[in-house]
1. Kindly provide the set of residues from region 164-205 that are part of a loop (DSSP other than H, G, I, E, B) and among the hydroxyl-bearing types (Ser, Thr, Tyr), ordered by number.
2. Identify, please: which residue in region 179-196 is loosely packed, with under 14 Cβ neighbours inside 10 Å and touching a residue at least 12 places away in the same chain (Cβ under 8 Å) and is, among those, farthest from Phe331 (Cα to Cα)?
3. Pick out the one residue from Ser352, Ser311 that is open to solvent by 10 Å² or more (accessible area, probe 1.4 Å), out of contact with any Cys (no Cβ under 9 Å at 6 or more places or on another chain) and among the small types (Gly, Ala, Ser).
4. Checking the condition surrounded by 17 or more Cβ atoms within 10 Å (Cβ to Cβ), in contact with a helix residue (DSSP H, G or I) (Cβ under 7 Å, 6 or more places away or on another chain) and not in a strand (DSSP E or B), which residue from Trp364, Trp359 passes?
5. Counting only residues that are of a type in the set (Asp, Glu) and closer than 16 Å to Arg248 by Cβ, how many does region 279-325 have?
6. Mind counting the residues in region 292-303 that are under 17 Å from Gly185 (Cβ atoms) and open to solvent by less than 20 Å² (accessible area, probe 1.4 Å)?
7. Looking only at region 217-235, count every residue that is within 18 Å of Leu186 (Cβ to Cβ) and either open to solvent by less than 30 Å² (accessible area, probe 1.4 Å) or at pLDDT 90 or above (or both) and tell me the total.
8. I'm trying to understand the selection: among the residues of region 337-354, which are touching a strand residue (DSSP E or B) at 6+ places or on another chain (Cβ under 6 Å) and touching a residue at least 60 places away in the same chain (Cβ under 8 Å)?
Amino acid sequence: MAWQRPPRRGCGALQRCLLGAALLLGLRLCAELGRASLRPPASSALPGRALRPPGPHLLPPPGLQRGASWRQVTYVRSGRRAPPGGGGSGTPEPCCAPRGRPRRKGPRWHIDLQPWAGPARSLDEEALRFLRYISTIQIACDHMSTDSLATDSSPSKKPWSVCLDDRFGLAHQIRSKQCRLYSLGLGSDDTHFEVGMANHGCEVHRFDPSVKSAHVLENERLWYHRLSIDWRDPHPAVAAQKPYSNTRKLGTILSEFGHHKIDVLKADLESAEWKVLENLILEDVLQQIGQLIFEIHLHWPGFEVSGSDSSVVRFWYSLLKELELQDFRLFHSYKDLSKPQLFLRKDIFNASSCYTLSWVNTRWK
């Protein structure tokens, strides 16, 4: 009888074990891939958790389909340092905004101070540059209304001037009864300019904390509001105690009134004009304004403006240069010789303590 090889025991069982293990491994791998596809992207982290911006070395995954939700954001630090004595926020800004969306400006906490007028950093250098600047017309206005648009012969007490050249749009807005004037004042009885603008079709809002009622409609197009324009909103604790406080920033009032544009902004704020103007610049309110008429006061630094005399004048000059950088051009300058001839409490430079300046926004539409 020939010898026969005994049957292999356990070989089939081993094959079945290996096949089962491979099947389990495949199932687990499929489950992991499914969970990864359902996992939310890193940008949807819980509210309040700080996210580290992806570095510039990150690249989109290969083969990323158009319309996928992956986005690369690169942050770079501005190379410009804040000048000595203030100016500039010094905060990082996003490198590139998504295409097709307007680039949103970050908050500013200080204006950018202009270089000193001279190496000595003296009052003489700063004052001469400043006075020369406010006395030099930057753009010609062929049709300028001094005093007001009123047709009667009564003169205005102050020369509030607007430019009526067609290229700047105010004349068209007046003809179509669509112009809007904001007048910021502190107890002045001179309303000749406001009344004249209202009579010619402008919607006029005069803000004065001395008004007896909260809102008074003087006539069809002339409003009086018991509101004071400030360079800051009331402190939250004060606002909670006085929910109807009569102090607001101009940007806040625009939002509350639902007004997106002001054709003319007139301001006679008795030395608060410097901080109010700074606020308009920092909060980017200027582009909502077509023409500016400001009375400026030079006999002292102004509310909450401090420092040496030369640094104060440098701050004034830097504010006005900010207007120029935002395409405002001076078209009228009036030196009030009826006021004391004082410049920072000094009888120097043959300067008046009060000037009325008018600018036009050359990009106004």
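1. Applying the first criterion (part of a loop (DSSP other than H, G, I, E, B)) to region 164-205 yields 164-165, 169, 176-179, 186-191, 200-202.
Answer for region 164-205, where residues must be part of a loop (DSSP other than H, G, I, E, B) and among the hydroxyl-bearing types (Ser, Thr, Tyr): Ser176, Ser188, Thr191.
2. Going residue by residue through region 179-196, those that are loosely packed, with under 14 Cβ neighbours inside 10 Å are 187, 189-190.
With the extra rule that they be touching a residue at least 12 places away in the same chain (Cβ under 8 Å), the set shrinks to 187, 190.
Working: Gly187: 27, Asp190: 23 Å.
Filtering first and then ranking leaves Gly187.
3. Values: Ser352 fails: open to solvent by 10 Å² or more (accessible area, probe 1.4 Å).
That would be Ser311, the only listed residue that is open to solvent by 10 Å² or more (accessible area, probe 1.4 Å), out of contact with any Cys (no Cβ under 9 Å at 6 or more places or on another chain) and among the small types (Gly, Ala, Ser).
4. Trp364
5. Taking region 279-325 first, the residues of a type in the set (Asp, Glu) are 283-284, 295, 304, 309, 322, 324.
Okay, now just the ones that are also closer than 16 Å to Arg248 by Cβ, so 283.
Here the count works out to 1.
6. Taking region 292-303 first, the residues under 17 Å from Gly185 (Cβ atoms) are 292-297, 302-303.
Then drop every residue that is not open to solvent by less than 20 Å² (accessible area, probe 1.4 Å), which leaves 292-297, 302.
Going through region 292-303 one residue at a time, the tally reaches 7.
7. Step one: filter region 217-235 for residues within 18 Å of Leu186 (Cβ to Cβ), giving 223-232, 234.
Next, only the ones that are either open to solvent by less than 30 Å² (accessible area, probe 1.4 Å) or at pLDDT 90 or above (or both) stay: 223-231.
Result for region 217-235: 9.
8. Passing the criteria: Phe349, Ala351.
The values are calculated or read from the model by the stated rules, or taken from the named source; none is laboratory data. Values in this document were obtained by computation on a predicted structure and should not be read as measured data. Cβ sites come from the backbone with ideal geometry, for glycine too, and all protein chains shown count toward neighbours. All accessible areas refer to the heavy atoms of the entire protein, side chains included, with ligands and DNA or RNA removed. Shrake-Rupley method; radii C 1.70, N 1.55, O 1.52, S 1.80 Å.
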